[in-house]
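Notes follow the structure.
Please treat every number below as a calculation from the coordinates, not as lab data. What you see is a predicted model, and the numbers here were worked out from it, not measured in a lab. No Cβ is skipped: glycine too gets one built from the backbone with ideal geometry, and neighbour counts run over all protein chains shown.
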Amino acid sequence: MIGARKVMRGKGVSRKTRSGDEIIKNQSIRAASKRRTFTSALVIFLIAALFLTGTVWGTISFIDANSLRIYINRRNVGTISLSESEDFNSPTSVIRMQGPEQMTNTTYEWIEQAGSVLGREGNHHEENVIAYSFYLRNMGETAIYYTSTIVLNQLSRDVENALRIIVVEEADPGSDVEAAPEEGGGAAGDIPEEAAYKATCYAMPFLDEEIGEMKPEAISYADLNDDRATQTPFLLREGTQLDDLLGESTTTPFLGFVDEEDEEKCVVFEHTDLPLAPGEVKKFTVLVWVEGTDADCVDAIKSAYVNFEFMFEVTDENADIA
C-alpha cells in the first residue's frame, strides 16, 4: 500500500527512480510559473494604478481650472469660521467654488447691478464671471485682528494681465462708507439699510512706455476716449452699477509675483490688522472676469486658466479694538 501511494504521487514514476535532473527541471518550471504569475499581477496592478492616477489627475485639473478656494489658516480653525449663509448652520474652514468651465472675455459694464450682487449668497457666477458671496465670523469671545490675502496660482498665457477682480465687503464699524442702495435687491432678500459696503477692483498694472513707469489699469476702457478699447459694450441690465461702491474708474494694482522668476503665483493683495469683534460677521463678495476692453485681452490668452486662493489668518486673538 505504501508503494502504491508512492507510485500515485509520482504519477507513474517512483520518487526513488526519478533522476536529479528531472527534479531540478520540475522545480525550475514551478519557479518560472510563479514568476510569470507575479509579473502578470504586477502589470495588471500598474495598469490599473496608471488608469486611476490619470483619472484623478484629469478630475483635479478640471476642478482647479477657474476655481476659487477660500480657507482659514489651519492654526486658526475654531477661532474664525466661514459659511455660505449668514446663519452659519454649516460653518467650515474651507470653501471650494467652481467657476465657469470656460470664461470668454466680457466687460465691467455687463456685470450685474450692485443690489443684485450684494443680495445673493454662495455661488452665483454668470456665464463669463466668477461670482461668489460668503461670510466670515469671529467664533470667540474676544476681539481679533486678522489678515486677508488673495493669491493667483497656476497662471498661464499671461492671463493675469487682462483679469479684473472686485472684492466687495462690509465696511468696518464706524466707517464713513455710505449704505448700499436698496433698489434692485437680489433673490436672497433685501439689503438692510444699515449695511455699509466698500468695493475695490484689482488688476495688473501696465507699462506706460512714454514715461517708462507702471500705471494702474482702468476698470474698463469702454467709456473712455482711449485707443486701447477693443469692443463696444452694451448694458445687459439697467440700473445702478458697482460704480457707487467703487467710487473711481481706476484699479488698485496687484502686489505682484512672489518670485520674479516664477510667474505662476501672483499676490493680488494682502490686508493686515483688520478688526473683528466677538461674534461679528462680515460678508464678502468676489467677482472675477477677463476684461474685454483691456489691451492684453488678445487671442494669445485663449485656453488660459487660473485658480484663486482667498486666505484668512488671525494675527492677534486679544485685540484692543476701540
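Quick notes on this one:
- For peptides 299-309, 207-217, 113-123, sequence by mean Cβ density within 10 Å, most packed first: 113-123, 299-309, 207-217
- Near F206, the amide H atoms lying under 5 Å from its own belong to K215, E217; only residues 5 or more places off or on other chains count, and H is placed 1.01 Å from N.
- As a rough guide to protection, the peptides 265-277, 284-296 ranked by mean Cβ packing within 10 Å, highest first, stand as 284-296, 265-277.
- Counting 0.36 nm for each residue step from S249 to Q98 and taking away their Cα separation leaves a gain of 51.5 nm.
- Label-point separation in nm, H271 to D316, each point 7 Å along Cα→Cβ: 1.7 nm
- Vicinal HN-Hα couplings computed from phi for the stretch 68-73 (Karplus, 6.51 cos²θ - 1.76 cosθ + 1.60; Hz; Gly/Pro x): 10, 10, 10, 8, 10, 3
- In nm, spacing of pseudo-spin labels at E209 and E280 (7 Å Cα→C-beta vector): 4.8 nm
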